[in-house]
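Computed from the coordinates by the stated procedures, all read-outs in this text should not be read as laboratory data. No experiment lies behind these values; they were computed from the predicted model shown. We place every Cβ from the backbone using ideal geometry, glycine too, and count neighbours over all the protein chains shown.
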Amino acid sequence: MAPAESLARFRKHVLDRVTRGEATVAQACREAGISRARYYQLRRRYLAYAEAGLRPRPHPARPGRQLPPPAVDAIVSYAITHATEGERSIACALALAPLRRMADRPLRCAGRAPPHGPRPAPGAPGRGGGAQCRRGRAAHRADPARDPCDRAPRVMHIGSDIVGAELFADTMYVGRLEGVGTVWQYTMVDGACSFGFARVRGGRKSAESMARFLEEDVLPVCREARIRLVRINTDGGPEFGAAFTATCIRLGIEHHKLPPRSPDLNAFVERFQGSCLHLHYRTAFRFRYYTSAADIDADYQAFLRHYNFERPHRGYRTRGRTPASLFYAHRPSLLKVKGRDPDDILKARAV
């Protein structure tokens, strides 16, 4: 006998016992291991559809979620070569549809994708939700018609809408390498298009080195693109001392120091350096043994070109475009000289 037929006969037996008065509803449900609500639900289905209503409902056919084997092989191969790339970057690089949890199973099994964890609910420990709920209840007492959870989130936007209006600068400690010494990365990022400028140098960081980086690496690129630098935001580190400030004054650039202990106000460059660490350094140092800071910088400049000209950015300003498509938006011919497709400029203007 099929399992569905056997289950239908068992349910019919329970209903018949109650109908014949052999057991009460509570007793029959207790012996059958079902609730009384489930009993009355089965009874309504039996009165409406006879014995067919006691059979289990067939499950709808689920669409196949597994990718074709060639696509799976391509994903695994790319994930091994680019061990720190996430699922969205892999999907973009392979021109696939966005990978979902079932489809990116090969990456998670290989430990390539970040774990997916549940988000704490409002009021959960460690998220400050208790205070928010108390404030919401207080507002509800003051205005009963207002929903206690109807609180608009406070969003603070940094950066600018004009390329060159605001640059964010910082330094990142790459490490102390045997035979090379201390290595630092000098970084600046545009606050409108996330276009990054960076240089890797050995030795201790200093204001003179940062000033030379601004004058030799950042300013020529901006002048070539006919972009005027207005302001540079920095923290209070020693690399942004008197020598760097004097260089900014001489070049007609405003030097603005952010308040102490406020890395969120320098988020553009902090996020950029996090991407450099995750996407470049953690793989570069596994494949090559460096003997000089110049070799580190040579490999890093190749990654920087990929970051600016090839890697799509998904922020609310860039919206899937490359930083270079916005940085050179008014000079498409120059972008073509640098080996990129000027059609990216048209897409940037259309959005």
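Things to note:
- Length gained when the stretch residue 242-residue 158 is fully extended (0.36 nm per residue, less Cα-Cα span): 27.7 nm
- Placing dummy labels 7 Å off each Cα toward the beta-carbon, the span from residue 72 to residue 301 is 4.4 nm.
- Computed over the range 166-350: relative contact order in percent, which uses C-alpha pairs under 8 Å that are six or more apart: 21
- Label sites at residue 271 and residue 257, each approximated as a point 7 angstrom past Cα along Cα to Cβ, lie 2.7 nm apart.
- Computed extension gain for residue 25 through residue 80, at 0.36 nm per residue and net of the alpha carbon distance, reaches 13.7 nm.
- Taking 7 Å steps out from each Cα toward its Cβ at residue 62 and residue 49 produces label points 2.2 nm apart.
- The residues packed around residue 2, meaning those with a beta-carbon under 11 Å from its beta-carbon, carry a net charge of +1 if Lys and Arg are +1 and Asp and Glu are -1.
- Of the GluC sites (Glu not before Pro) found in the range 1-99, the ones in coil according to DSSP and having at most 15 other Cβ atoms within 10 Å of their Cβ are 22.
- Extension gain from residue 34 to residue 4, taking 0.36 nm per residue of separation minus the Cα-Cα distance: 9.1 nm
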